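Here's the structure, in structure tokens; my notes come after.
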Ligand code: PMP
């Protein structure tokens, strides 16, 4: 059976080795006579799996001991509410940087709980760049500063970490976590939905400095309280067991390949290949400022939008799938997360070149 190259933004491609291992272990995990899906989350086997998943993630990211790792549900979207509910800690204002669709959602949800100061925005250029920190206007007494290091739809990535002094920095890393080494100690809280660079949908990972939790807004539901999840090792209720198990296989895969430094190299090579071609072509155009281009999500347009449908049809028939851009932007988007091999990006560039020659 031929597998395609999947350029979908999420749920996204998983490493083939991970899928093969999951297949092999599906009916009988390590001789226990059942699949991971069927295990009690409180049984010895699953508790062992969960502990290993956390240990491997801590190892990959070098997460300091004073940070809790939480395995939650409700997607990154729930974090747009959970972050203010937990991190306001008596304060009334938060700073949020607006670089596109996902930051805007974080803003809209936070406004239900507090005053939001939009500390910087790239709306003036259709969210095509990451505002440099000299353009940020932080407030006096913000509970935290929130930004979106990688805007999945606009394809805008911060290639630097903002400096916020003693004010905790919060990052929605849904679409670029694990794409390279990260200094976790620079952040108060990091969250990420799993379905791009971690594993299957249904799991959301939160990494939070432990002194920031335990002071929720009055009325916060139990399930929205980070401290409850931290105190119960993410087993307050039933966690998304199968997604956690697959995430664990992905972490092992990352470790086998050489960890995040190796991912960094691979992601640089893939991005250089694709952007290099886009910039050399007069037929395709990437709307994102060069210093803010995402290594994970690459949006581009064709010279003539009337050719979009033909491009998608032909690419699909070549085994290059899910290249259609987000409905808000139109055009195309190639998501090239960790599991996408360089060969997949090369196949895309080869196809694009041929298409340009035929239609340019
Ligand atoms: N933030 C970012 C940056 C995203 O890309 C997404 C999903 N595409 C979300 C938040 C929302 O994630 P979820 O669907 O897991 O709620």
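If you go through segment 295-331 and keep only what is part of a strand (DSSP E or B) and either touching a helix residue (DSSP H, G or I) at 6+ places or on another chain (Cβ under 7 Å) or assigned by TED's automatic domain parsing to the domain that holds residue 195 (or both), you end up with 298, 300, 302, 320, 324.
Considering only segment 132-146, I want to know if a residue exists there that is within 16 Å of the ligand (Cβ to nearest atom), in a loop (DSSP other than H, G, I, E, B) and either over 30 Å from residue 255 (Cβ atoms) or in contact with a strand residue (DSSP E or B) (Cβ under 7 Å, 6 or more places away or on another chain) (or both). No, the conditions are met nowhere in segment 132-146. Filtering 292, 280 for residues that are in the same structural domain as residue 345 (by TED's automatic domain parsing) and in contact (Cβ under 8 Å) with a residue 40 or more places away in the chain leaves a single hit, 292. Being under 22 Å from residue 19 (Cβ atoms) and either without any contact (Cβ under 8 Å) to a residue 12 or more places away in the chain or surrounded by 14 or more Cβ atoms within 10 Å (Cβ to Cβ) (or both) holds for only one residue in 312, 302, 323, 307, and it is 323.
For segment 183-199, the candidate set comprises residues that are touching a strand residue (DSSP E or B) at 6+ places or on another chain (Cβ under 8 Å) and assigned to a loop (DSSP other than H, G, I, E, B); within that set, the residue that is farthest from the ligand (Cβ to nearest atom) is 188. Among the residues of segment 133-163, the one identified as over 30 Å from residue 7 (Cα atoms) and in contact (Cβ under 8 Å) with a residue 60 or more places away in the chain is 144. Inclusion of residue 96 among residues that are part of a loop (DSSP other than H, G, I, E, B), touching a helix residue (DSSP H, G or I) at 6+ places or on another chain (Cβ under 7 Å) and within 26 Å of residue 179 (Cα to Cα) is not warranted. What tally of residues in segment 59-81 results from selecting those that are on the phi > 0 side of the Ramachandran plot and near the ligand (Cβ under 10 Å from one of its atoms)? Residues that pass the stated criteria total 2. Among the residues making up segment 147-159, a single one is more than 11 Å from the ligand (Cβ to nearest atom) and under 12 Å from residue 131 (Cβ atoms): 158.
To keep it simple, each residue is scored yes or no on (1) more than 16 Å from the ligand (Cβ to nearest atom); (2) modelled with pLDDT of 95 or more; (3) loosely packed, with under 15 Cβ neighbours inside 10 Å; (4) under 23 Å from residue 69 (Cβ atoms).
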{"site": "6", "(1), (2), (3), (4)": "no, yes, no, no"}
{"site": "24", "(1), (2), (3), (4)": "yes, yes, yes, no"}
{"site": "35", "(1), (2), (3), (4)": "yes, yes, no, no"}
{"site": "49", "(1), (2), (3), (4)": "yes, yes, no, yes"}
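Considering (1) surrounded by fewer than 18 Cβ atoms within 10 Å (Cβ to Cβ); (2) over 26 Å from residue 224 (Cα atoms); (3) more than 16 Å from the ligand (Cβ to nearest atom), the lone condition that residue 18 does not fulfil carries the number (1). Kindly check whether there is at least one residue in segment 89-102 that is within 16 Å of residue 189 (Cα to Cα), surrounded by fewer than 21 Cβ atoms within 10 Å (Cβ to Cβ) and either within 16 Å of the ligand (Cβ to nearest atom) or at pLDDT 95 or above (or both). The answer is yes; a qualifying residue exists.
Regarding residue 205, is this residue more than 16 Å from the ligand (Cβ to nearest atom) and touching a strand residue (DSSP E or B) at 6+ places or on another chain (Cβ under 9 Å)? No: the conditions fail for residue 205.
The values are calculated or read from the model by the stated rules, or taken from the named source; none is laboratory data. Everything numeric in this text was worked out from a predicted model, so none of it was measured. We place every Cβ from the backbone using ideal geometry, glycine too, and count neighbours over all the protein chains shown.
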